[in-house]
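K.L.:
Before I ask anything, here is the structure I am working with.
Each value in this text was obtained by applying a stated rule to the coordinates, not by laboratory testing. Every value quoted in this text rests on a predicted model; they were computed, and no experiment measured them. We place every Cβ from the backbone using ideal geometry, glycine too, and count neighbours over all the protein chains shown.
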Amino acid sequence: MNEFKLRRLGMLMEPEPGNPLEVEGVLNPAAVRGPDGELYLFPRMVAKGNYSRIGIARVRFNEAGDPVGVERLGIALEPEADYEHRSDGSGGCEDPRVTFVGPLQRYLMTYTAWSSHGPRIALAVSEDIFHWRRLGLATFSSLDGIEFGNVDDKDASLFPAVIPDPSGQPELAILHRPLFPGTRPEETACSPATREVDIDRESIWISYCQMTLDHKPFHTGKFTFHHRLASPVSPWERLKIGGGTPPILTRHGWLIIYHGVSEIEKPNTDSHMLCYSAGLMIFSKEHPLVISYRSAEPVLTPELQEERHGIVANVVFPTGIDRRDDLGTPDRFDVYYGMADNRIGVARLDLPDHLPAGVDADSPAAKV
C-alpha cells in the first residue's frame, strides 16, 4: 500500500431532535483522548441565529473498535467573554481543536471567537478536559506592517510538542489562517480560473510562541516569526486552503488533514457555489517548515447526501483526528469532520508504507 485513502465509516452525530442548542447544526468537532483513555469530541453546537457553543461528548465504539455514536455530556464553553459576543447579542465559540501539549501536561483548546470585531483565535486550557479556563485571544506580532491582531483569523491548531522556530529555539507552534481583506472565497469565486494565486493571503500560516513552564497559572505569550507555510496549488483548492486537524506525529512526519475550497459553476448562470474538500499534508518531523508530502487530489470530497445538502451545501470539513493506539494500530487514524455544516462524520485513514508522489508545496506559477 503506497497511497493515502480515506474510507468513510459513517455519520456519527446529528442535531438532537428537540434540542434548541443544536437546531442549526452540530459540526466541526475537536477530538482528543482524555486522561481515562476514552475519546471525547468537542462539537460546535449551533442554536438559532448562528449562536455557537462548544459541547463535549464521549465516543461509543462497537466490538470491532469502530466509532458508532456519542454520549452527550454537556457544554465545554459557551459565549461569556466580551470577545465572544457581538453588540446585537449574537456571537459564539466555534470550530475548536484540542491538543494535549506534552511539555505542559495540559490540554490546550484553540477556537474561533466571534465578536463585533470579527472572528479571532481564542485559547483555553484544561487538566482534565471537563473544566476549561479561558486564556483570552491569541496575540500576534506584526509582519511587514500588517497588524495580525487586527486581521480576522480562524482554523487554528497547536503542535503537541515543542517545535524549533526559525532561530532554532524550541517553542509552542500554531497553525492558523489569517483572512486578509478581499481573499474570502465568496469574494474570489468570480475571478478567472487562470488567475494567479495570491500566495501571501490565502494560506496556512505557522507562528511561534515562547513557552514559560513556571507560570502559575499557565498563559501564552505573543506569537511571532510568522511564516506562510502552504498556499493553494491545485484546482480543488483554488480559492483558499486552511487548517483542519491538529498536527499529529507519524513515522512519516507531522500529519494534518486540511481543507481546500473551489467553486462549482451553475449552468447558464453567473453564480458560483463553493465546494469544501479535504487534502493531506505531511511536514518534516525535525523542521515542520519543510513539507515532505502534499496530496495532488483531495482525499475526501462531498459525495454523500449529508455532505452535499445541509446548512451549507457541499462541505466536508476535517477538524478532529484520533490515532488508534487503543487497537494496537498506530498507523490507523480516524478523522472526524463536519458534513454540510450540519452533522458530523468519521472516516478512516491507514498510513501507507511509503510516501507516494505528491505535489510541490508551492506552485511555480504562483511565485512572485
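K.L.:
Take each of the peptides 63-70, 136-143, average the number of other beta-carbon atoms within 10 Å over its residues, and list them starting from the highest. Before the final figure, lay out the partial values.
P.N.:
Working: 63-70: 13.9, 136-143: 16.8.
Packing proxy ranking, top to bottom: 136-143, 63-70.
K.L.:
With runs of 4+ DSSP H residues as the only contributors, calculate the mean residue ellipticity of the chain at 222 nm using -39,500 (n - 2.57) per run, divided by the residue total and rounded to the nearest 500. Walk me through the numbers on the way to the answer.
P.N.:
Values: 2 runs with 8 residues, N = 368.
Value at 222 nm, helices only: -500 deg cm²/dmol.
K.L.:
Determine one quarter of the surface area of the Cα convex hull of the chain, which equals its mean projected area, and express it in nm² to one decimal.
P.N.:
Projected over every direction and averaged, the Cα hull of the chain covers 18.7 nm².
K.L.:
Here is a further query. Give the distance, in whole Å, between the Cα centre of region 1-62 and the Cα centre of region 92-167.
P.N.:
Taking the Cα centre of region 92-167 as reference, the centre of region 1-62 is 20 Å away.
K.L.:
With a 10 Å Cβ neighbour count serving as the proxy for reagent exposure, in which order, fewest first, do 332, 133, 177 appear? Provide the component values of the computation, followed by the final result.
P.N.:
Working: 332 16, 133 13, 177 22.
Result, fewest neighbours first: 133, 332, 177.
K.L.:
Take peptides 145-151, 226-232 and line them up by average Cβ neighbours within 10 Å, highest first, as a rough protection proxy.
P.N.:
Details: 145-151: 13.4, 226-232: 20.0.
In descending order of packing, they fall as 226-232, 145-151.
K.L.:
Once Lys and Arg get +1 and Asp and Glu get -1 on their Cβ, which of 69, 259, 132 lies farthest toward the positive end of the dipole of the chain?
P.N.:
So the residue furthest toward the plus end is 132.
K.L.:
While we're on this one: Test of understanding: in a Gaussian network model of the chain with alpha carbons linked when under 10 Å, which of 103, 178, 43 would top the mean-square fluctuation ranking?
P.N.:
With Cα springs under 10 Å in the chain, the top fluctuation among 103, 178, 43 is at 103.
K.L.:
Listing 325, 153 from the residue with the fewest other Cβ atoms within 10 Å to the one with the most, what is the order? Intermediate results must be reported in sequence, preceding the final value.
P.N.:
On the way: 325 11, 153 22.
In order of increasing Cβ crowding within 10 Å: 325, 153.
K.L.:
Find which of 35, 207, 355 sits farthest along the positive direction of the dipole of the chain, computed with +1 on the beta-carbon of Lys and Arg, -1 on that of Asp and Glu, about the Cα centre.
P.N.:
35
K.L.:
State the antiparallel share, in %, of DSSP beta bridges confined to the chain, rounding to the nearest 5.
P.N.:
On the way: 102 of 106 bridges.
Of those bridges, close to 95 percent are antiparallel.
K.L.:
OK, next. Length gain on complete extension for the stretch residue 90 to residue 350, per 0.36 nm per residue less the alpha carbon to alpha carbon distance? Mind showing how you got there, number by number?
P.N.:
Details: separation 260, 0.36 × 260 = 93.60 nm, distance 4.10 nm.
Extra length from residue 90 to residue 350 when fully extended: 89.5 nm.
K.L.:
Applying 1/(1 + (r/R0)^6) with R0 = 22 Å to the Cβ-Cβ distance of residue 66 and residue 16, what FRET efficiency is obtained, to the nearest 0.05?
P.N.:
On the way: r = 22 Å, r/R0 = 0.98.
Approximately 0.50, to the nearest 0.05.
K.L.:
GNM on the chain, C-alpha springs below 10 Å: top fluctuator among 310, 244, 338?
P.N.:
Of 310, 244, 338, the most mobile in the Gaussian network model is 310.
K.L.:
Would you mind classifying region 51-170 by shape? Square roots of the alpha carbon gyration tensor eigenvalues, ordered a ≥ b ≥ c; an a/c under 1.5 is rounded, otherwise it is prolate if a/b is larger than b/c and oblate if not.
P.N.:
On the way: a/c = 2.28, a/b = 1.23, b/c = 1.85.
Oblate.
K.L.:
Please count, across the chain, the pairs of lysine residues with Cα atoms under 21 Å apart that sit 8 or more places apart or on different chains.
P.N.:
Values: 154/222; 154/240; 240/266; 240/367.
Here the count comes out as 4.
K.L.:
Starting from the 7 Å offset along Cα-to-Cβ, what nm value, one decimal, do you get for the label separation of residue 105 and residue 38?
P.N.:
Rounded to a tenth, the inter-label distance reads 2.3 nm.
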